[in-house]
Amino acid sequence: MYFTDEAKKLWIKDDTVGLRTNDSILYTLNVNDGAQPFRVALVWSDPPGPMRGAIVLVNDLNLTVIDPDGNEFKGNVYSGGQSVIGGSHDSLNVEECVRRNIPQTGIWTIKIKAKNIPRGPQPYALAVTGGLALTNIAEEIILRKSAHSQLVTALPNPAKSSITFYFELNQTRLITLKIYDCSGRAAGNLVNRVFY
């Protein structure tokens with residue numbers, strides 16, 4: 001929590017729809033005050049794991065936070081009281097955190113990747129504190145097999161030498177739809193369209 005005149009701000013995201021295996025979601029936030037520690041916390045409620053198992057985590061989400069220079073900080077990789085570059089993603093806990101004590105100002109990207117969700121989709125909550133500008137926070141969903149959309153059918157269109165995709169969203173969203181060809185090149189996009 002914070003008061004209006006405080007330098008430290010709080011931003012939260014409670015995603016009740018969740019992610020499936022290989023889905024990713026990106027959030028971009030503007031850190032405009034480097035004097036405030038920047039903290040990101042990802043948490044989720046995991047289904048019950050095997051009794052007496054060496055690893056009881058069932059659904060595995062991975063947190064990566066990227067600074068304005070492109071340096072990546074993985075959740076729960078700390079040294080000297082703050083997050084450091086390198087290390088491995090945490091595959092044991094349902095809480096993953098990143099902290100930078102004196103963050104660089106500029107645009108930071110928060111990435112959540114659903115590494116393995118055998119019992120999903122997996123909802124999650126995200127909390128961010130720091131010297132944040134709480135406007136123009138962007139969200140980009142990278143969908144493969146997803147809780148947010150379902151590819152109903154894809155039909156060739158011989159008249160246009162194209163394929164028409166029909167899909168459903170189970171939640172109304174203002175989104176940018178990006179289309180890539182098989183080589184990974186951007187083929188086009190629809191920006192800020194409301195899909196139902």
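A few comments on the model shown:
- Considering residues of the stretch 126-152 that are under 21 Å from residue 9 (Cα atoms) and touching a Ser or Thr at 6+ places or on another chain (Cβ under 9 Å) only, the residue modelled with the highest pLDDT: 131
- Matching option when the condition is closer than 19 Å to residue 20 by Cβ and charged (D, E, K, R), among 69, 90, 46: 46
- Taking residues in the stretch 7-26 that are among the acidic types (Asp, Glu), and partners anywhere that are surrounded by 15 or more Cβ atoms within 10 Å (Cβ to Cβ) and not in a strand (DSSP E or B), the pairs with Cβ atoms closer than 7 Å and at least 6 places apart or on different chains are 23/143; 23/146.
- Residue within the stretch 58-76 that is open to solvent by 70 Å² or more (accessible area, probe 1.4 Å) and not acidic (Asp, Glu) present: no
- Of the criteria (1) open to solvent by 60 Å² or more (accessible area, probe 1.4 Å); (2) touching a strand residue (DSSP E or B) at 6+ places or on another chain (Cβ under 6 Å); (3) farther than 16 Å from residue 122 by Cα; (4) not hydrophobic (A, V, I, L, M, F, W, C), which one residue 16 fails: (3)
- Identification of strands (runs of 3 or more DSSP E) wholly contained in the stretch 59-144 with 3 or more residues that are more than 16 Å from the chain's Cα centre (by Cα) yields 72-79, 82-85, 122-142.
The values are calculated or read from the model by the stated rules, or taken from the named source; none is laboratory data. Please read all numbers here as calculations on a predicted model, not as lab measurements. Glycine also receives a Cβ, built like all others from the backbone with ideal geometry; neighbour counts cover every protein chain displayed. For the accessible areas, the whole protein counts, side chains as well, though only heavy atoms, and no ligand, DNA or RNA atoms are used. Shrake-Rupley method; radii C 1.70, N 1.55, O 1.52, S 1.80 Å.
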